[in-house]
Amino acid sequence: MANVSNRGQVILVTGFALAVTLVAVVLLLNTVIYTENIATRGTDPSPAEALEFRDVAIDGIGELVVATNQDGYDDPAKVDANVTAAVTNLSEYLQDAHMPRASIATINTSSLSLTDGVLLRQSNDSRSFTSGGSTPGNTTWNLAENVDSSRRMRIFVERSSLATEDLLDLLSNDVFAVRLVGATNNWTAYIYENPAGNIALGTSTNGGNEEFHCEIDADNATIDLTGEGIVGADCTSFTWAAGVSAPYDIWFLHGDQAIGHYNLTIKGSSPEIDSNFNSSGDTDPVALEAVYSATVEIRYQTPSLIYDAEIRVAPGEADA
Amino acid sequence: MRKITVSMDDRGVSTTVSYALNLTLSAMLISALLFAAGSIVGDERRSAVEAELEVIGERIASGIQSADRLNQTNASIVNLSVTVPERVAGSDYTVSINNSSSPPKLVLETTNPDITVRITVTVTGQLSETSIDGGTVVIVLAANGNLEVHEE
């Protein structure tokens, strides 16, 4: 008689083999689930946060430089010291803000390097853009000579003060304009009221090529000449100092055809400022000691990222 | 005593034949079953490896592109690690960067099963050619300004 305990061995072995196969399939499905899990996870946010920190540092230091310059200093050492102190405060604030996110975000204040400049400013809204200083009242006058770099030229004008002209009459008639005179080319930006009654921005190069850029229907407007043009209007075709290479002279033409205020920062510890500015005090227009640009190293560090970079801050610089 | 005739030799044969047939059919059935199960596992493994290599490749490519973006900002140090598994569905794999095409390609390969996955890496800067074993990688900015991919 056959030994019954040996029967069904083939089926048993097959059952085991199939069970092993099924376990293998389950393991593979587990791998697939894990893969899908990785695939749907967000990528490491550290690089985006590092760039965000960099942008915050640039914007923050830029605001500090602008605000400190506006305080009005007659000694470059004082304005430098105040900017350095403000950047140190900003660094501490940013460090504290990033600590809960398990990241180290520092501005290396010991590497802070400041480039001095001069802020040319008129803040009296009811004064026309004529010269001051020792030669007051000139309508066409030189703001600065041999300028290497200039930034943040913002002009606020009242529409009622502007000359009403057609684009083609800009060159021949008395219209307020900012002119840059380089070694070979010159470029002029006209700010005027066009026949439609809007504040308009036009340019010409080398005494021709009149070009209209944009307009805005408002009682007053800020024109960011080193930036976007008329603030709030679409001035994409406008470019500061097109075709003019540094160094250049900066002129105001027909300053009596505009009333408002303006700001301009130019590079250099003792740039050639004409005697058309007052050196300090409240009498407009005034030339004040300022910081033109700041350069500093930053670091952003998380468990998965180390990022060191040098940033240069020159708020409102045309090519910054 | 009864005489046994020749025809009576057939008795019991059907049981034996039936048993043999039974065994044969069972063996065929079992073989077919095991073969089918084995190929399912093989196919599943291939597709699992391929899917995982693609995901790993995309993550490394994303890390390289992030590092490239950081490198465009006047950076002096960029050191970015991307954590990925060391093995895919039980197989080791290699990660290499192929600069011969533009934009460069990230190539991930396993030898068992033999699978190759290519991912395009769009970068603005330069990427150094390399070949490393799979696992967490570190993307660093080298002194020559190129981005390099290393094993952790």
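The values are calculated or read from the model by the stated rules, or taken from the named source; none is laboratory data. Because the structure is a prediction, the values reported are computed rather than measured. Please note: Cβ atoms are built from the backbone with ideal geometry, for glycine as well, and neighbour counts cover all protein chains shown.
Quick one: in region B:39-58, which of the residues that are at the interface with chain A (Cβ under 7 Å from one of its Cβ atoms) and free of Cβ contacts under 8 Å to residues at least 60 places away in the same chain is surrounded by the fewest Cβ atoms within 10 Å (Cβ to Cβ)? Checking each candidate, the answer is B:Ile40.
Output yes when any residue across region B:103-113 is free of Cβ contacts under 8 Å to residues at least 24 places away in the same chain, more than 10 Å from chain A (Cβ to nearest Cβ), among the hydrophobic types (A, V, I, L, M, F, W, C) and outside any loop (DSSP other than H, G, I, E, B), and no when none is. Checked region B:103-113: at least one residue is free of Cβ contacts under 8 Å to residues at least 24 places away in the same chain, more than 10 Å from chain A (Cβ to nearest Cβ), among the hydrophobic types (A, V, I, L, M, F, W, C) and outside any loop (DSSP other than H, G, I, E, B).
Only residues that are surrounded by fewer than 18 Cβ atoms within 10 Å (Cβ to Cβ), outside any strand (DSSP E or B) and either in contact (Cβ under 8 Å) with a residue 40 or more places away in the chain or within 14 Å of chain A (Cβ to nearest Cβ) (or both) were counted across region B:83-102, and they come to 4. Strands (runs of 3 or more DSSP E) fully within region A:206-290 that include at least 2 residues being over 25 Å from the mean Cα position of the chain (by Cα): A:208-216.
Checking each residue in region B:106-118 for being over 12 Å from the mean Cα position of the chain (by Cα) and crowded, with 20+ Cβ neighbours inside 10 Å picks out only B:Leu106. Would you please name the residue that is farthest from A:Asn173 (Cα to Cα), looking only at residues in region A:125-139 that are polar (S, T, N, Q) and touching a Ser or Thr at 6+ places or on another chain (Cβ under 9 Å)? The extreme case among them is A:Ser134.
Within region A:230-237, can one find any residue that is in contact with a Leu (Cβ under 7 Å, 6 or more places away or on another chain) and away from chain B (no Cβ under 14 Å)? Checking region A:230-237: at least one residue is in contact with a Leu (Cβ under 7 Å, 6 or more places away or on another chain) and away from chain B (no Cβ under 14 Å). Test A:Leu18 against the criterion of being crowded, with 16+ Cβ neighbours inside 10 Å, within 9 Å of chain B (Cβ to nearest Cβ) and part of a helix (DSSP H, G or I), and give yes or no. In short, no. Looking across A:Thr68, A:Thr31, one residue alone is in a helix (DSSP H, G or I), at pLDDT 90 or above and either within 10 Å of chain B (Cβ to nearest Cβ) or surrounded by 14 or more Cβ atoms within 10 Å (Cβ to Cβ) (or both). It is A:Thr68. If you go through region A:109-134 and pick out every residue that is over 26 Å from A:Glu145 (Cα atoms) and either in contact with a helix residue (DSSP H, G or I) (Cβ under 8 Å, 6 or more places away or on another chain) or among the aliphatic types (A, V, I, L, M) (or both), you end up with 2.
Could you please find all residues in region B:127-150 being touching a Pro at 6+ places or on another chain (Cβ under 9 Å), farther than 18 Å from B:Val55 by Cβ and in a loop (DSSP other than H, G, I, E, B)? The answer is B:Glu129, and nothing else. Checked against (1) part of a helix (DSSP H, G or I); (2) at the interface with chain B (Cβ under 8 Å from one of its Cβ atoms), A:Thr43 passes all but a single condition, namely (1). What is the residue count in region A:175-196 for residues that are in contact (Cβ under 8 Å) with a residue 24 or more places away in the chain and within 14 Å of A:Arg159 (Cβ to Cβ)? Count: 7.
For the subset of region B:59-69 comprising residues that are more than 9 Å from chain A (Cβ to nearest Cβ) and aliphatic (A, V, I, L, M), which member is surrounded by the fewest Cβ atoms within 10 Å (Cβ to Cβ)? The residue in question is B:Ala61.
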